[in-house]
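Notes to accompany the following structure.
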Amino acid sequence: MINRLRSWWKQEQKQTELSISADNIPQHVAIIMDGNGRWAKRLGLPRVAGHQNGMKAVKRTTIAADELGIKYLTLYAFSTENWKRPKDEVDFLMRLPQEFLKLELEELMEKNVRIQMMGLENNLPQHTLNAMNEAAERTANNTGLVLTFALNYGSRNEITESMRSIGAKIADGSLSVDDITEELIQSHLLSSNLPDPDLLIRTSGELRLSNFMLWQLAYSELWFTNIYWPEFKKKHLIEAVAEYQRRTRRYGGLL
């Protein structure tokens, strides 16, 4: 037992002591927060306990990102496909934004965090929308880290809707086909006020994007970890940033 504890402590120290350079912090980090249910199952708890503890990880990670100098943090909170889950679980997830903001909004205000939502408002319960809108309004003038919750978000739907919007403008003559550029498409996406993510993190060991920011992640660095989201701590964010800093971003060219 003592040897196991010593081994664990050494690993903790190793993780904590990872050094990163202040000169190469990713401006925008996006996270697919995965593994809440499996974390709960491993501990013999109901799935909702995983989501509840995942909410605590949101706070930890937001504060850690701010401390590291990350400017934008985008969290995949609920996808357009998540409606397929059992109704009781969906209802619980829809209450989480309200609960999270009730508990944490004041501290996030003190830390100058600006909160916004990226996703489709249709189908969302009014209490969920009210919580997100209130948070966005109260933090609108904050100038620190921008915390974006991707809620009822799906990238294929986002791209499809942007094409419909552009197509309608071509049809009414306000745009021509020759006006279509990458910049124009970007301006019609839900993330139009955000830079593309520099770093994508996915927890729980899954190695896929799950319909998340498919356009925006074209040249992002990807970092996957077996850690379940409720276990995610500042040391894991530092580990991801340290790995990001070890890579060379070429954008298809040569350096």
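Annotations for the structure displayed:
- Per the listing Trp223, Trp229, the residue uniquely within 22 Å of Gln245 (Cα to Cα), among the aromatic types (Phe, Trp, Tyr), in contact with a helix residue (DSSP H, G or I) (Cβ under 6 Å, 6 or more places away or on another chain) and modelled with pLDDT of 95 or more is Trp223.
- Failed condition for Tyr219, given (1) within 15 Å of the chain's Cα centre (by Cα); (2) among the hydroxyl-bearing types (Ser, Thr, Tyr); (3) not in a strand (DSSP E or B): (1)
So that you can scan it fast, the table gives a plain yes or no per residue for (1) of a type in the set (A, V, I, L, M); (2) touching a strand residue (DSSP E or B) at 6+ places or on another chain (Cβ under 8 Å); (3) surrounded by fewer than 17 Cβ atoms within 10 Å (Cβ to Cβ):
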site	(1), (2), (3)
Ile201	yes, yes, no
Ser210	no, yes, yes
Leu214	yes, no, yes
Glu221	no, yes, no
Thr225	no, yes, no
Lys234	no, no, yes
Val241	yes, yes, no
Thr248	no, no, yes
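- Failed condition for Gly119, given (1) at positive phi; (2) surrounded by fewer than 16 Cβ atoms within 10 Å (Cβ to Cβ); (3) of a type outside the set (Val, Ile, Thr): (2)
- Any pair with Cβ under 6 angstrom, 6 or more apart, that starts in the range 233-255 at a residue that is over 12 Å from Pro26 (Cβ atoms) and ends at one that is among the polar types (S, T, N, Q) and not in a loop (DSSP other than H, G, I, E, B): Lys235/Gln15; Lys235/Thr16
The values are calculated or read from the model by the stated rules, or taken from the named source; none is laboratory data. What you see is a predicted model, and the numbers here were worked out from it, not measured in a lab. Every residue, glycine as well, gets a Cβ built from its backbone with ideal geometry; the counts of neighbours run over all protein chains shown.
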